[in-house]
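One structure below.
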Amino acid sequence: MKFKKTLTEYKGKYEEIILYLFFGVCTTMVSWGTYAIFVKLCGLTILIGNILSWICAFLFAFFTNKVFVFRSKSWEVKLTLKEFTSFLATRTFTGLLEVLGVPFLVKLGLNQTLFGIKGMLSKIIVSLFVVVFNYIINRLFIFDRRKPETFGDF
């Protein structure tokens, strides 16, 4: 069947990107869910709840990217610590880009209202840039799949 062959080729070619986007959505759900738990159920302040939810989402993103998306198989302490610190540095940098980039684009004139929210176009543009930038950095510099397999096949 031509359709089945095409679907298999498509899956093989874009599997990593599809997994990255899927786990990105899951990471967002972890962030939002833990934020709600910390603020609503635990009664923490918005600041503390947001910080803790970011940490939960960050840890979830690190492990899912390492294991399922980029398939970095080695759990050698030195390598995993290097991947972890690189991932943290990258996410901190892109987090700052997002925090500073949206107001910057709004000042440049991209303050259009979308979905009833002023500046949403800037938020979408910066978010898309951050997702693509994070993927490229993760793929090229953080998770090296050429390591010896010590964790098993996923």
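The values are calculated or read from the model by the stated rules, or taken from the named source; none is laboratory data. Bear in mind that the values here come from a model prediction, so they are computed numbers and not experimental data. Please note: Cβ atoms are built from the backbone with ideal geometry, for glycine as well, and neighbour counts cover all protein chains shown.
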Any residue that is closer than 20 Å to PHE143 by Cβ and in contact with a Lys or Arg (Cβ under 6 Å, 6 or more places away or on another chain) - is there at least one of those in the range 74-84? yes
Within the range 104-123, can you find the residues that are part of a helix (DSSP H, G or I) and either within 30 Å of ARG71 (Cβ to Cβ) or small (Gly, Ala, Ser) (or both)? SER122
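A quick yes/no check of all residues on (1) more than 15 Å from the chain's Cα centre (by Cα); (2) not assigned by TED's automatic domain parsing to the domain that holds TYR135:
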| residue | (1), (2) |
| --- | --- |
| CYS26 | no, yes |
| TRP32 | no, yes |
| ILE46 | yes, yes |
| TRP54 | no, yes |
| ALA57 | no, yes |
| PHE63 | no, yes |
| GLY95 | no, no |
Kindly check whether there is at least one residue in the range 49-65 that is among the β-branched types (Val, Ile, Thr), loosely packed, with under 14 Cβ neighbours inside 10 Å and more than 23 Å from TYR35 (Cβ to Cβ). no
If I ask for residues that are assigned to a loop (DSSP other than H, G, I, E, B) and under 27 Å from TYR14 (Cα atoms), which ones from the range 47-80 would you list? PHE70, ARG71, SER72, LYS73, SER74, TRP75
